[in-house]
Amino acid sequence: MLKALNSLIDWLEGFAMVAFMSIATVITVVQVVYRYGFNSSLFWAEEVVIYSIICMSFVGASMGVRHGAHISVDVLNAMVPPAVNRWLHIIACVLGMVFAGFLIYFGFQLFFSALDRGQLSSALRFPVAWFYLPIGLSGVLLMIRYLGLVKDVWSRPPVSHSEELATDVDNFA
């Protein structure tokens with residue numbers, strides 16, 4: 001069940017990243033052509049590109065947790081034995097889940113309050129609330145990813161940093 005959920009989320013994240021990146025790239029290229037080729041511009045292009053990049057950032061946060069690609073300081077992990085390392089990973093996951101909880105709570109609160117106000121974006125005249133929705137959704141994705149990490153760390157403890165480096169060197173050779 002968890003593996004199927006992970007696969008579905010991986011697919012959704014990948015699709016969303018490709019969609020948002022394609023939108024931002026195509027509209028930026030079209031805007032450059034319009035500006036320098038036709039001496040005109042699309043008044044809405046900058047807003048769409050900015051919102052696409054923001055959405056990519058929120059989706060990318062979840063992908064970063066899944067692939068362990070977030071910036072981290074591994075000095076403490078390298079100095080402690082694997083049993084302690086397991087608890088350090090769990091503590092980091094719990095802190096990540098607290099952050100995800102804030103994103104969920106305040107992201108959806110922002111979405112619903114903006115929806116009630118009926119605020120429209122300046123160029124597109126599209127409800128701004130829909131641009132706030134990725135904040136709460138990103139929190140949900142982060143929470144799922146962190147729960148999966150806690151399960152993985154609990155079922156098989158992380159190796160010490162020196163063992164990990166030795167394995168990487170052996171795999172490289």
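The values are calculated or read from the model by the stated rules, or taken from the named source; none is laboratory data. Keep in mind the model is a prediction, meaning the values are calculated, not measured. Counting neighbours? That spans all protein chains shown, and the Cβs are built from the backbone with ideal geometry, glycine included.
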- [ ] Kindly indicate whether Cys93 is closer than 23 Å to Leu133 by Cβ and of a type in the set (A, V, I, L, M, F, W, C).
- [x] no
| request: Taking Ile53 as the residue in question, decide whether it is of a type outside the set (D, E, K, R) and within 15 Å of Ser138 (Cα to Cα). | output: yes
- Is segment 132-141 home to any residue that is part of a helix (DSSP H, G or I), under 24 Å from Leu88 (Cβ atoms), out of contact with any Gly (no Cβ under 6 Å at 6 or more places or on another chain) and at pLDDT 80 or above? yes
Flagged pairs (Cβ under 8 angstrom, 6 or more apart or on separate chains; first in segment 62-77, closer than 17 Å to Val94 by Cβ; second modelled with pLDDT under 70 and of a type in the set (Ser, Thr, Tyr)) are Asn77/Ser160
Taking segment 86-117 and keeping only residues that are more than 20 Å from the chain's Cα centre (by Cα) and in contact (Cβ under 8 Å) with a residue 60 or more places away in the chain, one is left with Arg86
Val32: passes all of (1) touching a Ser or Thr at 6+ places or on another chain (Cβ under 7 Å); (2) modelled with pLDDT of 90 or more but (1)
Exactly one of Ala83, Ala69 is modelled with pLDDT under 85, more than 13 Å from Tyr146 (Cβ to Cβ) and within 19 Å of the chain's Cα centre (by Cα), and that one is Ala69
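With in contact with a strand residue (DSSP E or B) (Cβ under 7 Å, 6 or more places away or on another chain), of a type outside the set (A, V, I, L, M) and over 30 Å from Arg156 (Cα atoms) as the only criterion, which of Phe126, Phe43, Phe38 stands out?
It is Phe126.
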Among Ser138, Ser62, Ser52, Ser122, the single one that is hydroxyl-bearing (Ser, Thr, Tyr) and loosely packed, with under 15 Cβ neighbours inside 10 Å is Ser122
Contact list, first residue from segment 118-141 and under 30 Å from Gly96 (Cβ atoms), second anywhere and exposed (fewer than 15 other Cβ atoms within 10 Å of the Cβ) and of a type in the set (Asp, Glu), beta-carbon distance below 9 Å, six or more apart or interchain, is Ala129/Asp116
